[in-house]
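Trainee: Can you read through this structure? Questions will come right after.
Bear in mind these aren't lab numbers, they're just calculated from the coordinates by the rules spelled out. Computed from a predicted model, the values in this text were never measured in an experiment. All Cβ positions, glycine included, derive from the backbone under ideal geometry; neighbour counts span all protein chains shown.
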Amino acid sequence: MAELANLVHPIALRSLTLGNNLVMAPMAGVSNLPFRLIAREAGAALAFTETVSAKGLVQGGRKTWRLLNSSPREAPVAFQLFGSDPEIVGEACRRLEGEGAVWIDLNAGCPVKKFIKNRAGSALLCDLERAARIVRAMRRSFSGTLSVKMRSGWDADSLNAPQLARIVVAEGAELIAVHGRTRAQQYTGIADRDVIRRVVKAVPGIPVLANGDVTRPEHVFEMLRETGAAGVMIGRGAMGNPWIFEQTLALAQGRQIRRPTPAQRLATVERHWSLIERTFKDRGSLIVQLKKYVAAYSKGLPGGAVFRQAALESSDLDRILDLTRNFFSELPRAA
Ligand SMILES: Cc1cc2nc3c(=O)[nH]c(=O)nc-3n(C[C@H](O)[C@H](O)[C@H](O)COP(=O)(O)O)c2cc1C
């Protein structure tokens, strides 16, 4: 037990300290304000926004700025930018700081073709010089916490995350997050903890967040033990399952963990819905958000598939809400 307690701890950075070392990963189309608040309320010390275009921000795109909709209740929050032009990414940082940002992250991991074509995301693993120039420009124009999230390498023959980590730290990055998969792997295979361990070794004194395939509290402890990382970043494992954060904290404090009761599930679903209602105004977005999150919360629960089919094929907001409330109110105690 004492060992588990030692594995969960605060992370001290130059200008702020995270209360613990459990962090919510950036997920495009998922990590919006309600989702981040739910993760924070469940115990995550920090949440990342979904990735946004530095160029879009600099050009003043309203849609792009809307993606960064934040609230003081989630402070600090890490805004994640993608881009390939050092000047533009630097300028985006300057503007974000003007809007109160205290943490900006560079996306050096996204494997999507559109990103790669624009030399952004995981393409930076193939162009370390560009990555260095981008982080240098970010550091010059931003005084808050600067981090870089990367994949383990481009492919199995090029596991160069340790090298990229050293380079961006030399340019002023204060924290590294590493997903233990290559670009070539996309989301297949399993996250490679050995590369993450090598990143940790490559940047002594710099906190590294280990990421990939953490879906249960036990995985958090395994990941921390095996990699020596300062913390863990959780993505898909927290979708529809924010309890992973509080369960991990409970285990670290020597408490038993229990599956959430039906009443807890219902309360979280209602809480999440109330946050969505406050954040999204038009009916179309409300329906999209509601469908997305109830699908995640019902995964693996008895009757979940039938419920999802009915909820997802409806385009009537009130009906989807009724189905949702009925489903979560009538869950058997053992669910
Ligand atoms: C739907 C989805 C969207 C994602 N969007 C982003 C993103 O915007 N930026 C980013 O750095 N990583 C993104 N990722 C990658 C995750 O942050 C994370 O690195 C990956 O899912 C592995 O962690 P996990 O196994 O805990 O999910 C995304 C992943 C998913 C599944």
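Trainee: Roughly how many Å is it from the Cα centre of segment 1-44 to that of segment 263-335, as a whole number?
Mentor: Segment 1-44 and segment 263-335 have Cα centres spaced 25 Å from each other.
Trainee: Compute the relative contact order of segment 262-329 as a whole-number percentage, counting only Cα pairs closer than 8 Å that sit 6 or more residues apart in sequence.
Mentor: Numbers: 41 pairs, mean separation 24.8, N = 68.
Across segment 262-329, relative contact order equals 36 percent.
Trainee: Test of understanding: in a Gaussian network model of the chain with alpha carbons linked when under 10 Å, which of ARG66, ARG181, ARG225 would top the mean-square fluctuation ranking?
Mentor: ARG66
Trainee: A follow-up question, please. Given contacts defined as C-alpha pairs under 8 Å and at least six residues apart, what's the relative contact order of the chain, whole-number percent?
Mentor: Normalised by residue count, the contact order of the chain is 15 percent.
Trainee: When the dipole is taken about the Cα centre of segment 262-329, and only Lys, Arg (+1) and Asp, Glu (-1) are charged at their Cβ, what size is it in debye, to the nearest 20?
Mentor: Once rounded to the nearest 20, the dipole reads 220 debye.
Trainee: Given the C-alpha centroids of segment 56-101 and segment 151-196, what is the distance between them in whole angstrom?
Mentor: Centre-to-centre distance over Cα atoms comes out at 24 Å.
Trainee: With springs only between Cα atoms under 10 Å apart, run a GNM on the chain and tell me which of ILE116, ILE196, ILE38 wobbles the most.
Mentor: ILE116
Trainee: Answer with one residue from ALA296, MET138, THR227: the one whose Cα lies farthest towards the positive end of the charge dipole of the chain, charges on Cβ with Lys, Arg +1 and Asp, Glu -1.
Mentor: Of ALA296, MET138, THR227, it is MET138.
Trainee: Using helices alone, I'd like the mean residue ellipticity at 222 nm for the chain: each DSSP H run of four-plus residues gives -39500 (n - 2.57), total over residue count, nearest 500.
Mentor: Here the helix-only value at 222 nm equals -14000 deg cm²/dmol.
Trainee: Between GLN80 and residues 5 or more places away or on another chain, which pairs have amide H atoms under 5 Å apart, with H built 1.01 Å from N, and which residues are they?
Mentor: THR49, VAL52, ASP105
Trainee: Taking H placed 1.01 Å from N in the peptide plane, check which residues at least 5 places from SER31 or on another chain put their amide H under 5 Å from its amide H.
Mentor: Close amide H contacts, sequence-distant or interchain: GLU50.
Trainee: I'd like the Karplus ³J(HN,Hα) series for segment 78-89: coefficients 6.51, -1.76, 1.60, θ = phi - 60°, whole numbers in Hz, and an x wherever there's a Gly or Pro.
Mentor: Result, ordered by residue: 9, 8, 9, 10, 10, x, 10, 9, x, 5, 5, 5 Hz.
Trainee: Tabulate in residue order the Karplus-calculated ³J(HN,Hα) for segment 22-39, using 6.51 cos²θ - 1.76 cosθ + 1.60 with θ = phi - 60°, rounded to whole Hz; enter x for Gly and Pro.
Mentor: 10, 10, 7, 6, x, 9, 4, x, 10, 7, 8, 4, x, 4, 5, 5, 4, 5
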